[in-house]
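Encoded as C-alpha cells, the structure appears first; notes follow it.
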Amino acid sequence: MKLNVITVADIRGIEDFLDRTSQQGMDVSLQKVESNINMMITSLFRTMRVDELHRYRDTLRRAVLFMSPATAKAFITEVVETNLVAFDCHWILINEEISDYDLQELVMKSIGRLTLIRQMFPVPQNTTQRCVKHNHRIDTSLCDPKSPRSQQLEISNRYIYDSVLLLANTFHRKLEDRKWHSMASLSCIRKTSKPWQGGKSMLDTIKKFGVSGLTSFLEFTDNGSNPNIFFEILGTNYGEERGRGVRAEKERGEDIIDLSCFTDSIR
C-alpha cells in the first residue's frame, strides 16, 4: 500500500511515524507543503511533465495530512479545483485543534473519503476533578463543557492556561514543602548568576502531583505521557436524504495514539 504524508509542520516529529510505517511494509513518501499553496500548485503544473503530474495525482489518492484546519481547507480547495484528486481518494487529517465548524467545512470542500482525528475533552467521571473544584481564578463557565463560552475557547488557549496552572501549582507545593533551593535562582536571576538547578526537582513534583485543567486531569506516567488525553476518529458518510456528513468511528486514549508533535496549530 502506498501512503503519502503531507505536512507544513516540522518533519522531525514525523520521522518516527514514517520509520514505523515503512517497517510494516508500506510505501511511504513525504511532501512538505509551502505556505503559499496556490503558488505551489501553480509551480507543479509549470514544472512537471504530464507523466509526472499523473504520478503526483496517484500519490494523493492515499494521504495523511499533518496541518492546521485553515491550511488543510486551503490545500483541499486547491487540489480539488485543479483536478489533482479523484473521488476514490481517502485522506486522513490529523490535528488536535479541529472545531465542529472546521469539521463541516472540511467535509464540504473535500471529495472522496475523509477521516479526521482530533482531541476530545470528555467530562471526568470523578466530579472532584472538575476544575471549578480546585479554586482556579477563572470564570467558572470555562469549566462547564455545556457552556457556549467553553465550546468557543480555542484549544491553544486551553494548553496555555493549563501550562501556567501546572507550573503555578508546582511552585505552590515547593513553597509548602519549603524546598527553597528549587526556586531561589528564579527570583534573583542575573547575567553572572549560576544556571538554575531546580529543573529536575520541579519535574519530579509535576509528575508526583496532578492537577485538573481545562484540557484534562494533568498527570504524567514514567515515559512522560498523560493517560487522560483522548482522541476521537471521525469519518465521512453519505446518505440519500442528508447528503455528506460525519460519523464517529472510535475513541482512543493517548497511550495508544500521541499526536501532539504532529500539529502546526499550536505556536
Per-pair calculated FRET efficiency, R0 = 22 Å: Lys200 and Asp177 via Cβ, rounded to 0.05: 0.90
Answer rounded, prolate or oblate for segment 76-117, using the Cα gyration tensor with square roots of eigenvalues a ≥ b ≥ c: rounded when a/c is under 1.5, else prolate when a/b is larger than b/c, else oblate. prolate
Work out, step by step, the length gained on full extension between Asn83 and Glu15: first 0.36 nm times the residue separation, then minus their alpha carbon distance; give nm to one decimal. 21.5 nm
Could you pull out every residue, at least 5 positions away or on a different chain, whose amide H is within less than 5 Å of the one on Arg62? Hs are placed 1.01 Å off N in the peptide plane, and Pro or chain starts have none. Asn4, His90
Listed by chain and number, the residues whose amide H is under 5 Å from that of Gly210, excluding neighbours fewer than 5 places away on the same chain and using placed H, are none
Taking a spot 7 Å from the Cα of Gln152 along the direction of its beta carbon, which residues of segment 69-106 have an amide N less than 17 Å from it? 99-102
What ³J(HN,Hα) values, in whole Hz, does the Karplus curve 6.51 cos²θ - 1.76 cosθ + 1.60 give for segment 114-120 when θ = phi - 60°, with x put for Gly and Pro? 9, 10, 10, 10, 9, 6, 10
Would you pull out the residues with amide H under 5 Å of Ser68's amide H, same chain only if 5 or more places away, H placed 1.01 Å from N? Asp264
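Read-outs throughout are calculated quantities, based only on the coordinates presented, and are distinct from any laboratory measurement. What you see is a predicted model, and the numbers here were worked out from it, not measured in a lab. Counting neighbours? That spans all protein chains shown, and the Cβs are built from the backbone with ideal geometry, glycine included.
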